[in-house]
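Let me begin by presenting the structure, written as C-alpha cells, before commenting on it.
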Amino acid sequence: MAKLVRGFRDIFEPQSKNFTELENCARGVFSLYGFSELRLPTVELKELFIKSTGETTDIVQKEMYAFEDAGHRQLAIRPEGTPGVVRAYLENNFVQNAPVQKFYYIGNMFRAERPQAGRYREFEQIGAEYIGNSAPAADAEVILMLKDIVQRFGAKNYKVKINSLGCDKCRPLYRQTLIDFLSKEKETLCENCQVRLEKNPLRVLDCKIDGARFIGRVPTMQLCPECQAHFDEVQALLKGKIDFEVDPMLVRGLDYYSRTVFEFQAGDVSQNAIAAGGRYDTLIKNMGGPATPAIGWAMGAERVIMARGDVPVQAPAAIYVVSMDASCNQTAFNLMQALRAAGIRTEGGLFDKNIKGQMKQADRCQASYALILGTDELAAQEITLKNLETGEQKRIALNTLTEEVKKLV
Ligand code: ATP
Ligand code: MG
C-alpha cells in the first residue's frame, strides 16, 4: 500500500479547519494594518537561500531540500519566505516606484529536520515583511500586528521576548567578546557549536543543546548609541500595548538580522517558538539592491494552533436525500442541487445502496432530517420528510420543498 513520507502529514478535518481559521484571522488583521498579499513560488534558486538565509545557518547547512532540475539548475524548495519576498521586491523594481512596501504571505515551507511534535518537514508559515521603514514605529507595528493575530485567534499563555542585535558597528565588538568567552569552554560545546564559535558565535546562544547553560553568565551586548536609542524607542512604543520581556540571550538562528529581534514563545519545549522575526537592514543591500531597511516575522501555523487547541467541529449537514427506486434518482438528485442552491447544506446521492444503506449513511452524516423519495411520492409530486431524531415523518409537496426545509434548518 502507498505510504506517507516521514515528516509529512495528511491533515483532515477538524484539524484542517484550524488552519483556515488562523489564515482568515490573519488576513483580517493584515488588512487593518495595510499589508498586501504576496503569493510566492515554492521553488527558488538554491543560491538565493545560501546568500540570504546564510551559509552557516542550520537551514542552509542541514535542512534545505535542494535538487538539480532537468535543465541543470540548482534549485531549492523554500525553507522560509523572506528571501523570496526580497527577491520579488527587487526584481519588480519596487525600489524605484514604491520603496515602502508591506507584504504578507501564507504558504508551506520545507525543512529536512528531525520530525517531532511541532516540528515537521512541511509546515505552514504566515509571514509579514515591512520594507523601507527604518523607524522604531515599524518594529512596534509588526510586533503588535503579530500579537493581534495570535490574540484574535485565541492562543493564550505565550511570552513575548525581544532583544537587539545591534548593527555592523556594535556587533563585531560583541562577536569578539563572545568568541573570547566561549573559547574558554570550547571542548565542552556540542559539535555544531564548536564550528559556530568560529563562524557565528552569536548562534551558540540559540543552540538547543548548549544555549541554556549560558543564561545569566554570558557577557551581554553593548549597543552603540544609535542602536540603543532605536531599541529604547521600540520599547517605549510597545509599553502598555503588549507584555514583553527583554532577553539578552535571544539571538535568532538566521544570518540576516540586525537591531530588533523578537520571539513569541509558548510552553517549555525546544519547539516553543510560535512566531519569530526581526529587523534585516543589511539584507536587501547584500542581495544586490540599494541599502533598504526592513523588518518582518514568520509564524508557525501548527505551533500557534497547538498553543490554542482545536475548535469545536462544524455542525453536520442538515438534510440527507434518499431515493427508494432507480426511477426516482434523477429527481432526488435535482432536489439535492436545488436545496444547495438555496443555501441548505445537503448530502445524499448514495443511490446504488438500498434504503437501509442510505439511511445508515444519513446517520453517519449526523443529518437532522432525511428526505425520502419513492415511486408513490414521485407520482404525487411529494416527498417524505423524516425527522431523524424523533422518527416523525410527513409528506410535503415538491414545489414548496425549499421553503419548507428552510423553515427547519
Ligand atoms: P526553531 O528554533 O523552533 O527551529 P526556527 O528559528 O528555525 O525555529 P524560523 O526559521 O524563525 O524558526 O521560523 C519561524 C517559525 O516557523 C518558528 O517560530 C516556528 O513557529 C515555525 N517553524 C520553524 N520550523 C518549523 C518546523 N520544522 N515545523 C513546524 N514549524 C516550524
Ligand atoms: Mg529551526
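The eigenvalues of the Cα gyration tensor, multiplied by 5 and square-rooted, give segment 319-408 an equivalent ellipsoid with semi-axes of 16, 16, 13 Å from largest to smallest. Between LEU4 and GLN381, the FRET efficiency estimated from the beta carbon spacing at R0 = 45 angstrom works out to 0.35. Each of GLY374, THR384, ALA362 was placed along the dipole of segment 343-400 (beta-carbon charges, centred on the mean Cα), and the one lying farthest toward the positive end is ALA362. What number, rounded to the nearest 500 deg cm²/dmol, is the helix-based mean residue ellipticity at 222 nm of the chain, given -39500 (n - 2.57) per DSSP H run of at least four residues and division by all its residues? My calculation for the chain gives -10000 deg cm²/dmol from helical runs alone.
Model label points for GLU191 and GLU55, set 7 angstrom from Cα along the Cα-to-Cβ axis, are 2.2 nm apart.
Looking at segment 319-408, the DSSP beta bridges with both ends there are about 55 percent antiparallel. Shape index of segment 260-350: Rg/Rh, with Rg the Cα radius of gyration and Rh the Kirkwood radius from the inverse mean 1/r over Cα pairs, equals 1.42. Against the chain, whose longest principal axis is taken from its Cα atoms, helix 82-91 shows a tilt of about 80°. Using every pair of distinct Cα positions in segment 1-137, the Kirkwood expression returns a hydrodynamic radius of 16.8 angstrom.
A DSSP coil position with no more than 15 other Cβ atoms inside 10 Å describes the following trypsin sites (Lys or Arg not before Pro) in segment 241-287: LYS241.
For the chain, the longest principal axis of the alpha carbon atoms and the long axis of helix 15-32 meet at an angle near 60°. Restricting the GluC sites (Glu not before Pro) of segment 32-74 to loop positions (DSSP other than H, G, I, E, B) with no more than 13 neighbouring Cβ atoms within 10 Å leaves GLU55.
Within the listed set GLU392, GLU21, GLU187, the Gaussian network model of the chain (springs between alpha-carbon atoms below 10 Å) gives the highest mean-square fluctuation for GLU392.
The residue list SER16, ASN286, GLY132 was ranked by how far each Cα lies along the charge dipole of the chain toward its positive end, using unit charges on Cβ atoms, and ASN286 comes out on top. Reported to the nearest whole Å, the Cα centre-to-centre distance from segment 162-223 to segment 27-83 is 27.
Could you run the Debye sum over the Cα atoms of segment 108-198, one equal point scatterer each and no solvent, and tell me log10 of I(q)/I(0) at q = 0.19 Å⁻¹, two decimals? The Debye formula, applied to the Cα set alone, gives -1.13. Would you please give the FRET efficiency between GLU91 and VAL311, computed as 1/(1 + (r/R0)^6) with r the Cβ-Cβ distance and R0 = 35 Å, to the nearest 0.05? It comes to 0.35.
If you take every residue apart from ARG73 with its C-beta less than 11 Å away from the C-beta of ARG73, what net charge results, scoring Lys and Arg +1 and Asp and Glu -1?
-3
Axis of helix 136-153 versus longest Cα principal axis of the chain: the two differ by about 30°, to the nearest ten degrees.
Place a point 7 Å from the Cα of LYS208 along the Cα-to-Cβ direction; which residues of segment 246-278 have their backbone N under 19 Å from it? Under cut-off, by backbone N: 250-255, 263-277. When the P(r) of the chain is calculated, the portion above 28 Å amounts to 58% of the C-alpha pairs.
Bear in mind that the values in this text are calculations on the coordinates, not laboratory data. If you're wondering where the values come from, they're calculated on a predicted model, not measured in any experiment. A quick note on method: Cβ atoms are made from the backbone with ideal geometry, for glycine too, and the neighbour counts reach across all protein chains shown.
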